[in-house]
1. For the stretch 77-177, list the strands (runs of 3 or more DSSP E) that sit wholly inside it and hold at least 2 residues that are under 17 Å from residue 63 (Cβ atoms); which are they?
2. Residues of the stretch 80-94 being surrounded by 11 or more Cβ atoms within 10 Å (Cβ to Cβ) and either at pLDDT below 90 or within 22 Å of residue 46 (Cα to Cα) (or both), which ones?
3. Counting just the residues of the stretch 217-226 that are more than 16 Å from residue 132 (Cα to Cα) and over 16 Å from the mean Cα position of the chain (by Cα), which one comes out surrounded by the fewest Cβ atoms within 10 Å (Cβ to Cβ)?
4. Filter the stretch 185-202 for residues that are assigned to a strand (DSSP E or B) and touching a residue at least 40 places away in the same chain (Cβ under 8 Å) and give the result.
5. Just one of 110, 130 is loosely packed, with under 15 Cβ neighbours inside 10 Å, in contact with a strand residue (DSSP E or B) (Cβ under 8 Å, 6 or more places away or on another chain) and in contact (Cβ under 8 Å) with a residue 40 or more places away in the chain; which is it?
6. Quickly run through the stretch 203-214 and pick out the residues that are assigned to a loop (DSSP other than H, G, I, E, B) and either modelled with pLDDT of 90 or more or crowded, with 16+ Cβ neighbours inside 10 Å (or both).
């Protein structure tokens, strides 16, 4: 079996299975003035969806859906080790709900970690959960990406195949006991899966494995906080 491992470091992704907390700051008026204006409502920016897909040009297209009540800037940051991130693309919007497509035109050859840096109109900064994209050079598999579903808090897995293949996805605990699993056939192209129930796992350390045709393997530690 060809083993390619992508690791999520605890300091970077310890909240991998949890929803993003809104950011914001209340602008305070002069309470001593009779004509003091009411405080502005807190600015909120929420990531509804964040996923990646390998394009035909071997570039990674990054899709995100944002819900907000303010103007904001989005900066896509990438890392090769999950620790040090650098900006690779930017976008701005002010719609209550916006769908943005950004591109990594020069992805790293194996493992890419992506996150969204969000800056509201007052300069407050927040970060999305980290998405992992693993690239493969095999006969059957092109890419596997893993990111939490921000609504259900379950793991969202995207497997891009060159041919039909058998896929095994499972989560085990520290003792190697299988907690959640899903198995099935995947078709050529993009195959999207939700590992239902991962958001309800007890706090602790786990291991996620995605195996394609018993050969190509993504192995990734997970940390579920209480």
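The values are calculated or read from the model by the stated rules, or taken from the named source; none is laboratory data. Small disclaimer: the values here were computed from a predicted structure and weren't measured. Cβ placement follows ideal geometry from the backbone for every residue including glycine, while neighbour counts extend to all protein chains displayed.
1. Numbers: elements: 86-93, 97-104, 111-120, 125-127, 131-135, 141-148, 155-161, 165-173.
Qualifying strands (runs of 3 or more DSSP E): 86-93, 97-104, 111-120, 131-135, 141-148, 155-161.
2. Within the stretch 80-94, 81, 82, 85, 88, 89, 90, 91, 92, 93, 94 qualify.
3. Within the stretch 217-226, the first condition is being more than 16 Å from residue 132 (Cα to Cα), and the residues that meet it are 224-226.
Next, from what is left, pick out any that are over 16 Å from the mean Cα position of the chain (by Cα): 225-226.
Details: 225: 11, 226: 5.
Per the criteria, the residue is 226.
4. 190, 194, 195 - these are the residues of the stretch 185-202 that are assigned to a strand (DSSP E or B) and touching a residue at least 40 places away in the same chain (Cβ under 8 Å).
5. Every option except 110 fails the conditions.
6. Scanning the stretch 203-214 gives 213, 214.
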